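Q: After the structure tokens below, expect a handful of questions from me.
The values are calculated or read from the model by the stated rules, or taken from the named source; none is laboratory data. No experiment lies behind these values; they were computed from the predicted model shown. When we count neighbours, we look across all protein chains shown, and the Cβ atoms used for this are built from the backbone with ideal geometry, even at glycine. The protein model used for the area step is the full one, side chains on, heavy atoms only, and it has no ligands, DNA or RNA in it. Shrake-Rupley method; radii C 1.70, N 1.55, O 1.52, S 1.80 Å.
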Amino acid sequence: MQKQQQTPKTTYLSDYQPTDYRVDSIDLHFDLHETKTIVKSKLSIQKLGNSPHTPPLKLNGEELLLKSVSLNGKQLSSTQYALSDESLTIPDV
């Protein structure tokens with residue numbers, strides 16, 4: 001089944017907000033097979049700003065099968081993040 005093409009939504013400069021996080025580094029490892037590819041990623045992410053409130057971290061991704069999520073070297077349980085068809089959200093970073 002193919003996805004239907006959607007008309008892109010217009011995004012204006014005034015719609016943009018400063019990001020809450022900065023990605024300092026990304027380490028990717030690709031394990032290629034004939035029928036699948038396994039990608040392991042390690043991101044170093046830093047919260048920006050001085051607000052005592054830490055906003056959720058949202059990472060976009062489509063058509064992915066999530067194997068595990070770790071934060072600061074500790075594996076998170078499925079109750080510690082939200083997974084949708086389009087993103088991974090970690091509310092308590």
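Q: Of all the residues that make up the stretch 66-93, how many are open to solvent by less than 100 Å² (accessible area, probe 1.4 Å) and either touching a strand residue (DSSP E or B) at 6+ places or on another chain (Cβ under 9 Å) or closer than 18 Å to Ile45 by Cβ (or both)?
A: Qualifying residue count for the region: 16.
Q: While we're here: State whether one or more residues within the stretch 42-65 are surrounded by fewer than 12 Cβ atoms within 10 Å (Cβ to Cβ), hydroxyl-bearing (Ser, Thr, Tyr) and either touching a strand residue (DSSP E or B) at 6+ places or on another chain (Cβ under 7 Å) or at pLDDT 95 or above (or both).
A: yes
Quick grid of which residues meet (1) among the aliphatic types (A, V, I, L, M); (2) more than 17 Å from Leu88 (Cα to Cα):
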site: Thr11; (1), (2): no, yes
site: His29; (1), (2): no, yes
site: Thr37; (1), (2): no, yes
site: Leu48; (1), (2): yes, yes
site: Lys58; (1), (2): no, no
site: Gly61; (1), (2): no, no
